[in-house]
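A quick write-up on the structure given underneath.
The values are calculated or read from the model by the stated rules, or taken from the named source; none is laboratory data. Quantities reported herein were computed from a predicted structural model and do not represent experimental measurements. Positions of Cβ are backbone-derived with ideal geometry, glycine not excepted, and every protein chain shown enters the neighbour counts. The area values use the complete protein model at the heavy-atom level, side chains included, leaving out ligands, DNA and RNA. Shrake-Rupley method; radii C 1.70, N 1.55, O 1.52, S 1.80 Å.
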Amino acid sequence: MPVHCVSPSALTAITHTVTVAAGRFAPGHLGELTPIMPFELVDAVLSETRTVQRRLRDLPSRVGIYFLLAMCLFPEIGYRLVWDKLTAGLSGMPIVCPSTKALRDLRRRLGSTPVRALFEVLAGPLAQPNTPGVRFGPYRTVSFDGCSSIKVPDIERNRSWLGRCPHGGYPQVELMTLVETGTRAVIAAVFGPTREGETSYATRLSHHLGPEMLVLWDRGFDGNDFLAAVHTTGARVLGRIRQRRRPPVLQPLADSSYLSVIGAVPVRIIEARVSVTCTDGSNFEGSYRLATTLLDARCYPADRLVHLYHERWGATRSRTRLSELPEGGSAVDVDSVVPGQCSRPVPTSTCVAGNGGVWSSKEKPKGPCSIRGPQARGRPDG
């Protein structure tokens, strides 16, 4: 009887070294993300905000900053489990095992000031001049991205500021960010009560715009006042407008777009049909009406702008969709204060998402997407 011998496949061990501090500072790291937020940067922020520990504790302030950032990476688990993830690779080192109360006191001791300062240092565009996919002609493409479903603890302090949720449950925070679409880097952020609306918060971020930027937005930002506010910064605009708008046709152009005006801002209107074919063979079609302040149809043809809107805004929504960070609909702490309270700094989760980017697990239907347009000048139904 023949004997068959299956030799084991060759195995290769891959090791990677992560540098951590010594002694009580060892848990203060984020693994591969530590080079983005190095020890020297965190120490400088703590020194500037005067939040360095007065005496060397088992939980130094630097460790507290990294612990807060780790909480944003793992929002679905408790303090102790987050701590276990921070220290999982530190076997053989003398690591403390703090209680939940000790970690809570660490957050209380730090407060929100160093986290705000850390965000202000890290926030900003990351693309280099030769980075692919981040520019359209001479312009850097940026976009507004918001979320109104971030829940905070249901206590009196939060209710007095945020109000009650209209459908019951936890109070909610409105978060608005300005992101670089190519790298998904967060340039600026602001948040507050949901009653103010997206365009109100986006207007507060308009001072971060400049003449070198091309701003993309969806129809949720369609408003005369908001368009005027962005236009005054010198930034160019490419955004979807609502179908109920009927902008006047001032001058038809050769690429089937036409010059018009919204409020006091001269714009160019592009109308296109979008067709999406899903993996199951089903089709989805819709009408897009885009408004842009790029008025030169020869330099910026309509078909290029339609594809730019689809690709850039689609990338922003699928990779940095803030309303999907975190998932599950559970109540989360959004800053670095005592659990059960909500202060008003920039959320710590934005510091992490602003550099690494986050993939959404709620993918759009996959499959080829074709864009038919721009269509001939006319008004699609609706």
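Per-structure values
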read-out: Complete set of residues in the range 271-281 that are open to solvent by less than 60 Å² (accessible area, probe 1.4 Å) and in contact (Cβ under 8 Å) with a residue 24 or more places away in the chain; value: Glu271, Ala272, Val274, Ser275, Val276, Thr277, Cys278
read-out: Qualifying residue in the range 51-65 (condition: in a loop (DSSP other than H, G, I, E, B), of a type in the set (Val, Ile, Thr) and open to solvent by 10 Å² or more (accessible area, probe 1.4 Å)); value: yes
read-out: Condition met for Arg246 (touching a Phe, Trp or Tyr at 6+ places or on another chain (Cβ under 8 Å), open to solvent by 10 Å² or more (accessible area, probe 1.4 Å) and either under 27 Å from Thr177 (Cα atoms) or in contact (Cβ under 8 Å) with a residue 60 or more places away in the chain (or both)); value: no
read-out: Selected residue (criterion: surrounded by the most Cβ atoms within 10 Å (Cβ to Cβ)) from residues of the range 255-265 that are at pLDDT 90 or above and more than 18 Å from Trp217 (Cβ to Cβ); value: Ser257
read-out: Close pairs (8 angstrom Cβ cut-off, 6 or more residues apart or separate chains): touching a residue at least 12 places away in the same chain (Cβ under 8 Å) in the range 199-211, among the aromatic types (Phe, Trp, Tyr) and part of a helix (DSSP H, G or I) anywhere; value: Thr199/Phe221; Thr199/Phe226; Ala202/Phe221; Ala202/Phe226; Thr203/Phe226
read-out: Residue in the range 66-102 that is modelled with the lowest pLDDT, counting only those that are polar (S, T, N, Q) and exposed (fewer than 15 other Cβ atoms within 10 Å of the Cβ); value: Ser91
read-out: Those residues of the range 66-88 which are acidic (Asp, Glu) and in a helix (DSSP H, G or I), in sequence order; value: Asp84
read-out: Answer from Ala127, Ala123, Ala117 - the residue that is of a type in the set (A, V, I, L, M, F, W, C), at pLDDT 90 or above and open to solvent by less than 40 Å² (accessible area, probe 1.4 Å); value: Ala117
read-out: Number of the condition not met by Gly111 [criteria: (1) surrounded by 20 or more Cβ atoms within 10 Å (Cβ to Cβ); (2) at positive phi]; value: (1)
read-out: Those residues of the range 98-112 which are outside any helix (DSSP H, G or I) and within 11 Å of Leu59 (Cβ to Cβ), in sequence order; value: Pro98, Ser99
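Residue by residue, here is whether (1) within 15 Å of the chain's Cα centre (by Cα); (2) surrounded by fewer than 21 Cβ atoms within 10 Å (Cβ to Cβ); (3) in a loop (DSSP other than H, G, I, E, B) holds:
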residue	(1), (2), (3)
Ser149	yes, yes, no
Arg157	no, yes, no
Ser160	no, yes, no
Arg164	no, yes, yes
Glu174	yes, no, no
Val179	yes, no, no
Ala188	yes, no, no
Ser200	no, yes, no
Gly210	no, yes, yes
